[in-house]
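Since the structure comes first, as structure tokens, the remarks are kept for the end.
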Amino acid sequence: MKVLELLDEIEEIVDTAAGFPLTGKIMVDAEEILEIVKEIRVELPDEIQQAQWIKDERQRILDEAKREYETVIRDAQKQAEALIENDDITVKAKRRAEEIMNIAESNCKQLKMSTFDYVDSILYNFQDKMEQLNVTYFQEMFEKLESTFGNINATLAANREEIKDMAFKVQNEDL
């Protein structure tokens, strides 16, 4: 995968970078590192784009449910107005309008709940995939970085110890 190659490239830059003596710090080309980070962002898996699609799809479904609900309400109001011509029909129309409203509200609520369940299952699957990616790629990357910094620190400690030995020998020669 291209992302791992780019991370290896960052590791190579850190390994070969010029260091400041006795500080444990190194100097790297910021533009080079930033360019690699940009490439990593470009190469990230499609799951991130899929999350945006899920969000947009959820909104589209909710908007569609609202339009359907409003259409049902308008139709119910039109039917009710048409039946208002006499009292017996008016009573029946009011009852029918209430039934239609209850059915429409029930259908809307059921559609919303189904939409939430659908979006939640997609988000759950996406969350699982992100955890897998984290374990697969990022945890390995951090372990490699930690190992690299540990090796650098051990080398610096050995160099310091060698300098101390040399200083001790020089000091003893003067006596």
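The values are calculated or read from the model by the stated rules, or taken from the named source; none is laboratory data. Predicted model only: the values in this text are computed from it and were never measured. Cβ atoms come from the backbone with ideal geometry, glycine included; neighbour counts cover every protein chain shown. Accessible surface areas use protein heavy atoms only, side chains included; no ligands, DNA or RNA. Shrake-Rupley method; radii C 1.70, N 1.55, O 1.52, S 1.80 Å.
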With Cα atoms, 0 to 90° folded angle of helix 139-174 axis to the chain main axis: 20 degrees
Surface share of carbon and sulfur [accessible, 1.4 angstrom probe, percent] for the chain: 54 percent
Where the Cα pairs of region 84-164 fall when distances are cut into 5 Å bins, in %: 3, 11, 8, 8, 7, 7, 6, 6, 6, 5, 5, 5, 4, 4, 3, 3, 3, 2, 2, 1, 1, 0
In degrees, nearest ten, helix 2-16 long axis to first principal axis of the chain (Cα): 30 degrees
Per residue solvent-accessible surface (Å²) - the chain, probe of 1.4 Å: 79 Å²
Taking the chain and dividing mean pair separation by its residue count, relative contact order in percent (alpha carbons under 8 Å, at least six apart): 25 percent
Helix 47-83 axis, angle to the chain major axis (alpha carbon atoms, nearest 10°): 10 degrees
Along principal axes, Cα extents of region 21-64, largest first, whole Å: 65, 18, 14
Percentage relative contact order, region 1-61, counting C-alpha pairs under 8 Å, at least six apart: 34 percent
Cβ-defined net charge surrounding N107, 14 Å radius [Lys, Arg +1; Asp, Glu -1]: -2
Y118 accessible area, assembled protein chains, probe 1.4 Å, Å²: 100 Å²
Structure-derived Rg/Rh (Cα atoms, Kirkwood Rh) - corresponding label in (1) 1.47; (2) 1.12; (3) 0.98: (1)
The chain: calculated mean residue ellipticity at 222 nm from DSSP helix runs of at least 4, using -39500 (n - 2.57): -30500 deg cm²/dmol
